[in-house]
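Below is one structure, written out as structure tokens; comments come after it.
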Amino acid sequence: MDKDKQIIGVDVSKDTLDLYSEDKGHLKVSNNEKGFKELRKHYGKDGVYVMEATGSYHQQFATYMYGKGISVSVVNPLSVKRYIQMKLCRNKTDKSDAKMISMYGASERPKLWSPPSVYIEMSIAIQGVISKYLRERTGLKNKLHSLTSKGIKKGLVIQSLKRSIDRLSKEIQKLEEEKERLIKEHEPALLSNLQSIPGIGRKTAMLLISGTNGFRDFDNHRQVISYIGLSPIEYSSGTSVRKQSRISKTGNPQIRNHLFLCSFTASEHNKQCNALYERITAKGKSKKLALVAVCNKLIKQAFAIAKSGIPYDSEYRSVSPTS
């Protein structure tokens, strides 16, 4: 990022954008093309617009600005949150958030953003619909189980529930097949290499590829861990105040949940993960903590494989001294 460029912090919500720069102050506009044109007139086209990744709300604005040749940076919300905490900022408004994002951008100079490939965007859209259908199917299954446990096993309601569950299952299967087709067409080697890691299955490999843009959006595995929400958080003060460590859970919950399921298999069949798991539990730490560490190890292995283009090798030794 050019250090001489004006940094405009952008706090994104569904309907509005709050913006702030040290040079031209605060501006609030609608989160639509009319608002985008208004802010371009106010701030010009030579600045860098820094915003948090906020699901689909930031996507339209970031894509619009990129299409106009204007620099954009999309950052992890957890990084901004920690920066705000470090600055001891107690105010929490859209205006103050935009100012803090601007300060974060000026201090950290995050790398510039470019939109992911069309197949990545399609894969993400497909996964979003799959997740919605899975939630709906789970609700219907729970309702069916509730009725059958009361002895209601026949009738129109039972038939309707079963038809709806079957329909959703077929739709989910079609969407998963389409997602797999897209990724196999564009990332066949990466998909195959990720599945070579003991513990990483086909669905998790596809989630990692679509959720990280094939790991192109990250410079190291720690950034991926933070993005997914598996960074450990420790709370302690002096000798008396110690709370149980936990993970941040600020990030992609779908990848996080899949990785946690993978950690059970990896802790047994992945040589490095097994050694890590045994080392942590031998110290008297909880099994859950050990499994989270295994998740992070899997991310480190996946990142290394994505960057090197080489399949998993159980005898490989990293130059990094840390696990």
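The values are calculated or read from the model by the stated rules, or taken from the named source; none is laboratory data. Not measured: the values here are computed from a predicted model. Ideal geometry is used to build each Cβ from the backbone, glycine not excepted, and the neighbour counts take in all protein chains shown. For accessibility, only protein heavy atoms count, side chains too; no ligands or nucleic acids. Shrake-Rupley method; radii C 1.70, N 1.55, O 1.52, S 1.80 Å.
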Fill in the blank from the handout: Listed by first then second residue, the pairs whose first member lies in the range 196-213 and is more than 17 Å from Lys297 (Cβ to Cβ), whose partner is open to solvent by 10 Å² or more (accessible area, probe 1.4 Å) and assigned to a loop (DSSP other than H, G, I, E, B), with beta carbons under 8 Å and at least 6 positions apart or on separate chains, are Ile209/Glu187; Gly211/Asn252; Asn213/Pro116; Asn213/Ser117
Exercise for the section: Evaluate the range 145-154: report whether one residue or more is surrounded by 14 or more Cβ atoms within 10 Å (Cβ to Cβ) and over 26 Å from Asn252 (Cβ atoms). Expected result: yes
Exercise for the section: Please verify whether the range 270-281 includes one or more residues that are surrounded by 12 or more Cβ atoms within 10 Å (Cβ to Cβ), under 18 Å from Thr204 (Cβ atoms), under 19 Å from the mean Cα position of the chain (by Cα) and modelled with pLDDT of 95 or more. Expected result: no
Practice task
Please specify each residue of the range 155-176 satisfying the condition of being open to solvent by less than 100 Å² (accessible area, probe 1.4 Å) and under 25 Å from the mean Cα position of the chain (by Cα).
Solution key: Glu171, Ile172, Leu175, Glu176
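Look through the range 44-67, keep the residues that are among the aromatic types (Phe, Trp, Tyr) and crowded, with 21+ Cβ neighbours inside 10 Å, and return whichever of them is nearest to the chain's Cα centre (by Cα).
Here is the first cut: in the range 44-67, the ones among the aromatic types (Phe, Trp, Tyr) are 49, 57, 61, 64, 66.
Now restrict to residues that are crowded, with 21+ Cβ neighbours inside 10 Å: 49, 61.
Working: Tyr49: 21, Phe61: 19 Å.
Across the range 44-67, the extreme among qualifying residues is Phe61.
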Practice task
Could you grab the pairs with beta carbons closer than 7 Å, sequence gap of 6+ or different chains, first residue in the range 294-311 and of a type in the set (S, T, N, Q), second one not in a helix (DSSP H, G or I)?
Solution key: Asn296/Leu230; Gln301/Ile197; Gln301/Tyr312
